[in-house]
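The structure appears right after this line, and notes come after that.
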2 protein chains.
Amino acid sequence: MKLYEKLADEIGEAVRRGVFAAGERIPSVRQSSQQHGVSIKTVLHAYALLEGRGLIETRPQSGYFVREPAAAPQNERELAAPPAPASEVDVSRLVLSTLRSIRAHDAVPLGSPYPDPTLFPWRRINQYANAIARRHSSWNLIDDLPPGNPELIRQIARRYAENGVPVDPDEIIITLGATEAINLSLQAVAKPGDTVVVESPTYYAMLHAIERLGMRAIAVATHPTEGIDIEVLAQIIGEQKIAACMVMPNFQNPLGFQMPDERKKQLVDLLTGHDIPVIENDVYQELYFGEARPTTLKNFDTKGLVLHCASFSKSLTASYRIGWAMPGRYRPQVEKLKFLNTLTTPSVPQVAVADYLRQDGYDRHLRHVRKLYRQQARLMSAMVLRFFPSGTRISSPQGGYVLWVQMPERVDSMRLYQAALARGITVGPGYMFSTRNDFRYFIRLNYSYPWTAQTEAALRTLGGLVAEMA
Amino acid sequence: MKLYEKLADEIGEAVRRGVFAAGERIPSVRQSSQQHGVSIKTVLHAYALLEGRGLIETRPQSGYFVREPAAAPQNERELAAPPAPASEVDVSRLVLSTLRSIRAHDAVPLGSPYPDPTLFPWRRINQYANAIARRHSSWNLIDDLPPGNPELIRQIARRYAENGVPVDPDEIIITLGATEAINLSLQAVAKPGDTVVVESPTYYAMLHAIERLGMRAIAVATHPTEGIDIEVLAQIIGEQKIAACMVMPNFQNPLGFQMPDERKKQLVDLLTGHDIPVIENDVYQELYFGEARPTTLKNFDTKGLVLHCASFSKSLTASYRIGWAMPGRYRPQVEKLKFLNTLTTPSVPQVAVADYLRQDGYDRHLRHVRKLYRQQARLMSAMVLRFFPSGTRISSPQGGYVLWVQMPERVDSMRLYQAALARGITVGPGYMFSTRNDFRYFIRLNYSYPWTAQTEAALRTLGGLVAEMA
């Protein structure tokens, strides 16, 4: 365990034991540094970690404060032991079994990471697919080998250009969803033994992908509205060699924030200054609640160090599995890895999406979905605050379709997951978003599905379970 | 350089200089061992390497003989220097550019690794896809998450059962072509730093996949009709820790052999005895020239150590990208890796193939294709022997659609590739099949395309170029 982690655990424990009460100011960075005999840097890092865990918060010009009513637990020993430290297999099984439960039990899919498939223009896209199949008597996959179908690449580049993101069509490589784009990007920039920075919380599968490749992950505290802590990141970069950084600046999963432009620029500048590539996951780019599509890290990239990854899976069609990478200066490597990993992306889906983008009403579809998600985000936020016990905090999503819920500390999200499943409801346990169990009393809820009486009943049930466990 | 490699190079050089003439017996293993002061094992390994390079051959009960008319070159120095040792990027660029040349130049695609797409029942499969899209108003990708669409899995298992291969449907995982199945299988059984055995010749991309994952590849000499040299493999296993073995026992690419059943059994027994998993690439399984589908390594697997990988890309449809893995005891790992790598395989293609298999004439289609390939293999073999200069040797494919051609030693397949391309013909340079340039004077030719006057003219042109270079 690192020094700053130890310090964070120590202070966290003090908060839990009531040494520092809710709303109370904790010692300043300088004080803590003297008191514990550690560097200013170490304290800053520890405080950032505690902020990420939702235990403390910064107030401008005032310092750090204990964030929530953290009553000293009376009977800590009676709490069910948290599940053993989640092993690699356990968690990915957990993710898969969450998904399977949705399927098997026809459960209320609040735990799903995917958008409601009935919102996709499925019939229209399939009509294009069918037209393509009729037009050709055969199809040579050589035509759509990496980088991919040229017309699809043109259409993707056009959309970026229309939204003010500078894109060279020659940079785009079509992949099997953003999942493949991110994996290939990671392999292009880092090798076994390297260290990669991720956000905390972040999607667990990312951490696994890093470890599976023999790399090491460092999770950096990520602010619920500002994004990854750039100061802490700068410290880490000063201390050790970082091969890459993986972030989700727009509508982060699970926090939902849109990183402000100046923070995006700061991040890219910092990384560029140290020649560190950054993998940007921008799958929710089209699902903004604001006036216009947000900028991407690409907007601030001066040296080709941003590997931008995205897909149509959240906004147009998930089952076609069309994603892409714009890997900057790493384009040749990513193209080659795509070829080695899956050879090519299926042809008809590539061309059907290209035809849909060129000829159909994608923007109309998106306007509809964005309005719906914005409304449903408000509704679900209100219902969670109404039905969940006090001490519950929620994120303020600026786009996308997930809400991040911090429950009272004694609620174990795994136990909640199981109790909810028994009642035909799925939730996304916080365990999926960190390797260190930092978010064990958090859950992620999906609000993309149409709001029905069943949804409301499910949230009421969940709220009751949380109150019982709290 | 290893001792046996040094010895092989030394003897190879002696053959080239005419010390041992064509047809002449070279020193016995025992003699060589005494003469060079090395172990019997080392000599066996060196001879196997030379056999793999096509320089010598074994005759039962007689020993090793120089294999081809290897006239002492008069002016070795005048030969163009071979390209610098092929770097990783060069070769995968070479592969991609071979494929792109076929597309761009409308070239005679003798260099293509893929079957003629006009032979696929494209229209019929697309009709099933269209019917599925019409039947459903939307599609939830959760239904086809790993392991994959249940009906497709059932259909694949049924075909194996009908062909005498023992398969548990629960073992099958649908992937993006065999390419993904092989990559995931490799990651499931080996980790960075591990050593993996491959055949020589083997497809270069496999070697790259191994190296990219931070593993080490050892290429083992592979006999043109018997398959990987089991004796050499046993020696290597005795000397060092082997994490996995990757082979293609049926219609190996590029050699085209069908490994005899007793050799398959020996191979599995050897590996099982040492608890070493084996990844079996069986993509040509349906394209046999014999009476019945050959056995697979699965037939001889007693401990779940065979990870069998296959696809429909060579026999039914390439652009749908439907493959699968049957990973034996490694099933949980491969399923998880599939989820992390590409999440899921596109849904409609999965279901369309399942519907086609259940309702359409796959076996009729296969009978037609097999007959055609068998005829065209004979035709191309005859034409190569007719048009290419003496000293040319060819493989005897037992299935699949590629011919492996050994040209006179002074012909550099890269130079031939470029000269042929200038004349609108592609070939597969031998450089793609080894990292050690062992096959620089070999090419692979694709005979799946309909035999036309143009094909014959192309082979005549190629033969002329080879004769010039020889």
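Taken together, the values in this text are just the output of simple stated rules run on the coordinates, not laboratory data. Computed from a predicted model, the values in this text were never measured in an experiment. Using ideal geometry, Cβ is built from the backbone for each residue, glycine included, and neighbour counts are taken over all protein chains shown.
Placing a label point 7 Å from the Cα of A:Arg123 along the Cα-to-Cβ direction, the residues of region A:347-389 whose backbone N falls under 16 Å from that point are A:361, A:365.
Counting only aspartates and glutamates at least 8 places from B:Lys2 when in the same chain, those with an alpha carbon closer than 13 Å to its own are B:Glu10, B:Glu239.
Among B:Met248, B:Met469, what is the fewest-to-most ranking by other Cβ atoms within 10 Å?
Working: B:Met248 28, B:Met469 19.
By the 10 Å Cβ count, ascending: B:Met469, B:Met248.
From the cross-link list A:Lys265/A:Lys371; A:Lys41/A:Lys191; A:Lys314/A:Lys338; A:Lys6/B:Lys338, which pairs have alpha carbons spaced over 26 Å apart? Cα-Cα > 26 Å for A:Lys265/A:Lys371; A:Lys41/A:Lys191; A:Lys6/B:Lys338; rest within. Given their separation in residues at 0.36 nm each and the Cα-Cα distance between them, A:Thr452 and A:Ala470 gain 3.8 nm when the chain is fully extended. Taking trypsin sites (Lys or Arg not before Pro) across region B:1-48, the ones in a DSSP loop with at most 16 further Cβ atoms lying within 10 angstrom of their Cβ are B:Lys2, B:Arg17. Between B:Val198 and B:Ile218, B:Ala219, B:Val220, B:Met246, the built amide H atoms are under 5 Å apart, and every one of these is 5 or more places off in sequence or on another chain. The trypsin sites (Lys or Arg not before Pro) found in region A:236-303 that occupy coil by DSSP, while having at most 16 further C-beta atoms within 10 Å, are A:Lys241, A:Lys303. Between B:Glu57 and B:Glu291, the distance separating the two model label sites (each 7 Å from Cα on the Cα→Cβ line) works out to 2.7 nm. Taking the dipole about the Cα centre of chain A, with the C-beta of Lys and Arg at +1 and of Asp and Glu at -1, give me whichever of A:Leu233, A:Tyr47, A:Val283 is farthest to the positive side. Going by the charge dipole, the pick is A:Val283. Annotation note: GluC sites (Glu not before Pro) in region B:263-295 located in DSSP loop regions with a Cβ neighbour count of at most 13 within 10 Å are B:Glu291. Compared with the dominant Cα axis of chain B, that is its longest principal axis, helix B:261-273 is turned about 80°. Our coupling estimate for region B:402-411, obtained by passing each phi through the Karplus curve with A = 6.51, B = -1.76, C = 1.60 and θ = phi - 60°, is 10, 10, 9, 10, 9, 9, x, 4, 7, 7 Hz, Gly and Pro reported as x.
Residue by residue, region B:462-470 carries 3J(HN,Hα) couplings of 4, x, x, 4, 5, 4, 4, 6, 6 Hz when phi is fed to the Karplus relation 6.51 cos²θ - 1.76 cosθ + 1.60 (θ = phi - 60°); x denotes Gly or Pro. Centroid-to-centroid, using Cα positions, region A:207-273 and region B:433-464 are 51 Å apart.
Potential lengthening of the chain between A:Asp168 and A:Asp9 amounts to 52.6 nm, from the contour at 0.36 nm per residue minus the alpha-carbon distance. Bins of 5 Å, beginning at zero and ending with the bin holding the largest distance: percent of Cα pairs per bin for region B:122-360, please. Each 5 Å bin holds this share of Cα pairs: 1, 7, 14, 19, 20, 16, 11, 7, 4, 2, 1, 0. Backbone amide hydrogens, once placed in the peptide plane, bring B:Ile56 within less than 5 Å of B:Glu51, B:Arg67, excluding anything fewer than 5 places away on its chain.
Between 0 and 90 degrees, the angle of helix B:88-105 with respect to the longest Cα principal axis of chain B falls at about 70 degrees.
Backbone phi angles across region B:3-10, fed through the Karplus curve with coefficients 6.51, -1.76 and 1.60 (θ = phi - 60°), yield HN-Hα couplings of 4, 5, 5, 4, 4, 4, 4, 5 Hz in residue order; Gly and Pro are listed as x. Treating each Cα of the protein assembly as shown as one equal point scatterer and applying the Debye formula with no solvent, the log10 of I(q)/I(0) at q = 0.04, 0.08 Å⁻¹ comes out as -0.21, -0.80. Compared with the dominant principal axis of the Cα atoms in chain A, helix A:331-342 is inclined by about 80°.
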